[in-house]
Amino acid sequence: MQYEKDILLLLIEAGEKGLSVSKITRHIFNTYNSFFLSLNIEDTHQEVQQCLLKMSKRPNSMLGRVRKGVYCININNQEVRHLQLKFSHECDIKKDEKTQTDLSLNLFE
């Protein structure tokens with residue numbers, strides 16, 4: 001499935017409460033839908049739902065179900081811990097880049 005990585009990163013960012021299938025679908029749809037590649041929301045919903053079911057039924061699944069239609073990240077999984085560390089490290093790098101502003105003088109002012 002093409003959305004697995006995006007779903008995992010989204011659920012890591014969401015935390016322990018998780019997200020509903022419709023919110024995950026909306027996020028994936030907004031991420032991939034563009035002027036040149038238009039997606040159908042119903043098809044996207046079916047693909048996301050199948051991907052979530054497939055990922056949650058694996059033996060050492062990275063996903064868990066909070067309740068019907070709501071999925072969260074399984075924090076007891078070793079791979080999830082590794083992804084969380086990698087994801088937090090990438091966020092720290094982005095924050096450092098934002099703090100470095102250009103203090104040089106503008107030629108046209």
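Using the per-residue mean of other Cβ atoms lying within 10 Å as a proxy for protection, in what order, highest first, do the peptides 62-71, 3-12 fall?
Those peptides, ordered most packed to least, come out 3-12, 62-71.
Could you pull out every residue, at least 5 positions away or on a different chain, whose amide H is within less than 5 Å of the one on Val66? Hs are placed 1.01 Å off N in the peptide plane, and Pro or chain starts have none.
The answer is Tyr71, Cys72.
Kirkwood-based Rg over Rh for region 3-83 (C-alpha set), two decimals?
Rg/Rh for region 3-83 comes to 0.98.
Need the full-extension length gain, Asn76 to Asn40, defined as separation in residues times 0.36 nm minus the C-alpha distance. One decimal, nm.
Roughly 9.5 nm would be gained on extension.
Show me the ranking of peptides 39-45, 49-55 by mean Cβ neighbours inside 10 Å, starting with the highest.
Taking the mean over residues of other Cβ atoms within 10 Å, the ranking is 49-55, 39-45.
Students often get this wrong, so check it: of Lys5/Lys54; Lys5/Lys86; Lys57/Lys86; Lys5/Lys57, which have C-alpha atoms separated by over 19 Å?
Pairs exceeding the cut-off: Lys57/Lys86.
If you project the alpha carbons of region 43-82 onto the principal axes, what extent comes out on each, in Å, largest first?
Each principal axis gives a Cα extent; for region 43-82 these are 32, 17, 16 Å.
Where a number appears in this text, it was derived from the coordinates with a stated rule and is not lab data. Just so it is clear, the model here is predicted, and its values are computed rather than measured. Backbone-built Cβ (ideal geometry, glycine too); neighbour counts: all protein chains shown.
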